[in-house]
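Novice: Encoded as structure tokens, here's the structure I'll be asking about.
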Amino acid sequence: MSEEQPNNNGQLVPENVLKRKHDLDELKAKRQSAELHKPRGNRKVFSSANRALRKIRKPEKFVVNARMRKHHSQRYNRVLKKGMQKRASKKKVIAEKEVVQETGDLEVGEKVELVKYTANSADASFVFAIRIRDGAGSPYIVQKALRTLRLNNVNEGIFLKYNESTRKLLHLVEPFVLYGIPSKATVTDLIVRRGHGRINGKRTPLSDNIIVEEALGEETGIICLEDLVHEIYSAGKEFVKVASFLAPFQFTDMKSRFQKDKLNEKTTHDYGDKGELIDEYVRQML
């Protein structure tokens, strides 16, 4: 049997080309047949042959969630009655971190320096809070506190006036949030790059200063994005109105779905008060 066949011009056609053509013709015929015999309506929903396998939840998962709800309820009640005690200082805490800087000298290479930073938000006038956990395994009282903070979904962030009431509320839901003192550059990036406002109940991107002027100009005198940044960073008189006008910022997870599913990399839930280190977490999620 010959491996090659002549074409119309008398030239020989390789066998792999003929096999590929035969497979493509067979696939095309199957698709045409499937289109002719396709049932009416939504095939993905009503066809039992093509129905996707539902997600199976193991009994161990229910046990883990019940145990988590119990522990979070106990922690919530303890913090509500006794506070954070020694776990949260009311004084400013100064810590040091290593910063790697590249030098122009090839022999020296990189240079490591110790830089001081504020490790908590004790004396801050405002903070930026990000929700880092979903509602799985959380009791109703914790979910209600998160809704009070307007952190309804995971990977959402808001600006908060840092006073006794918000400080206590953040302590109650601390395992679910990450908060700290953002720099002015971070506040500017958040508002300019991810800023959205609540206009007529809809989430509207702040793509133009006219949107800001029409929404806040008459009541607060804020007419542009620079005024928004200044009011938030300085925690001015109109901070509450501006913060409520800004819709919760939506971020991406620190780990992509490919890293989680294929590479089996888990997101490290580092939570609580991070002080000035909140800038590093925001840069990772922007």
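Novice: Step by step: first the residues of region 107-139, then only those that are part of a loop (DSSP other than H, G, I, E, B) and among the charged types (D, E, K, R), then the one that is farthest from the chain's Cα centre (by Cα). Which residue is that?
Specialist: Here the residue is Glu107.
Novice: A follow-up question, please. Please work out which residue is nearest to Glu276 (Cα to Cα), limiting yourself to region 77-102 and to residues that are in a helix (DSSP H, G or I) and not basic (Lys, Arg).
Specialist: Result: Gln85.
Novice: Okay, next question. Can you run down the residue pairs with Cβ atoms below 9 Å, 6 or more apart or on separate chains, where the first is in region 230-247 and more than 18 Å from Pro182 (Cβ to Cβ) and free of Cβ contacts under 8 Å to residues at least 60 places away in the same chain and the partner is buried (at least 20 other Cβ atoms within 10 Å of the Cβ) and acidic (Asp, Glu)?
Specialist: Lys237/Glu231; Glu238/Glu231; Lys241/Glu231
Novice: If Pro248 satisfies all but one of (1) modelled with pLDDT of 90 or more; (2) in contact with a helix residue (DSSP H, G or I) (Cβ under 9 Å, 6 or more places away or on another chain); (3) not aromatic (Phe, Trp, Tyr), what's the number of the condition it fails?
Specialist: Tallying (1) modelled with pLDDT of 90 or more; (2) in contact with a helix residue (DSSP H, G or I) (Cβ under 9 Å, 6 or more places away or on another chain); (3) not aromatic (Phe, Trp, Tyr), Pro248 fails exactly one: (2).
Novice: A follow-up question, please. Give me the pairs, please: first residue somewhere in region 191-208 and at pLDDT 90 or above, second residue anywhere and charged (D, E, K, R), beta-carbon distance under 6 Å, and either six or more positions apart or on two chains.
Specialist: His196/Arg203
The values are calculated or read from the model by the stated rules, or taken from the named source; none is laboratory data. A quick note: this is a predicted structure, and the numbers were derived from the prediction, not measured. Don't worry about glycine lacking a Cβ; one is built from the backbone with ideal geometry, like all the others, and counts go over all protein chains shown.
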